[in-house]
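Below: one structure, written as C-alpha cells.
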Amino acid sequence: MSIRATNQADVIPLRPLPTAGPPAIPATPELPGLPREPLWRDLVGEVLRRERQAQGRTLKEVSEAARISMAYLSEVERGRKEASSEVLAAAAQALGLSLADVLALAGERLVSLTAVRSRSRSGVGSLGAAGGHRSVRTAGPARRGGPAGPMGGVLLAA
C-alpha cells in the first residue's frame, strides 16, 4: 500500500451539493428518513432574501444601502457565509428592519422546521403521541401596545 493511499481519509462534505429547486434540508446519516437540523446562516439568509424580494429591491440596492459588498450579501443570503452581527444589523437596517426583527423571523422559521422534523421523527401528528396539546409560549419581552417585531411575538413550541 502506498503512502498516498494510507493518508487518504473519507471526506464528509459539510453541506450537500446544490440541487435544482428550493433548498432542502438533507437527511441525517443517523436517521436516514429525517431532515437535518437547519443551519442558522441558511435561515437568516432566507429571511434577508425573502424580505428584499418582497420589497422589490435588488441585491445591489440593498448592499449599497448597507455598505456591504454585493458579492458578500449574496453569499449571506444563500447561506454560504456566516455573517457577523454588525453585517446582519446593517443589512437589516437597509431593509427597514432591526436585527431583532431578522432574528425573530429566522427563529420562527427554525421553530416551524423543527416541528416538522419532530413530527417526522415521532411519526405522529402535531398533537403528540397521546393526542394532548403541545405547550407554546411567547418568548421575549412585549413592547407596550403589542408584541415585539414586525410579525408579533416569537412562539416557541415545547
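The values are calculated or read from the model by the stated rules, or taken from the named source; none is laboratory data. All values derive from a computational prediction rather than experimental measurement. Only protein heavy atoms, including side chains, enter the accessible area calculation; ligands, DNA and RNA are left aside. Shrake-Rupley method; radii C 1.70, N 1.55, O 1.52, S 1.80 Å.
Going by accessible surface with a 1.4 Å probe and the largest first, LYS81, LYS60 read LYS60, LYS81. The stretch between SER112 and MET70 holds 12.1 nm of extra length on full extension. This uses 0.36 nm per residue minus the Cα-Cα distance.
Under 5 Å between amide hydrogens, built in the peptide plane, is the criterion, and for ALA83 it picks out nothing among residues at least 5 positions away or on other chains. Can you send over the solvent-accessible area of ASP101, 1.4 Å probe, protein chains only, in Å² to the nearest 10? Near enough 20 Å² of accessible area. The candidates GLU82, GLU77, GLU46, arranged from most to least accessible area with a 1.4 Å probe in the full protein assembly, appear as GLU82, GLU46, GLU77. For ARG80, the solvent-accessible surface with a 1.4 Å probe is about 100 Å², rounded to the nearest 10.
Scalar couplings 3J(HN,Hα) for region 49-54, obtained by applying the Karplus form with A = 6.51, B = -1.76, C = 1.60 to θ = phi - 60°, are 5, 4, 5, 4, 5, 5 Hz; x denotes Gly and Pro. Note on LEU39: accessible area is roughly 70 Å² with a 1.4 Å probe, heavy atoms of protein only.
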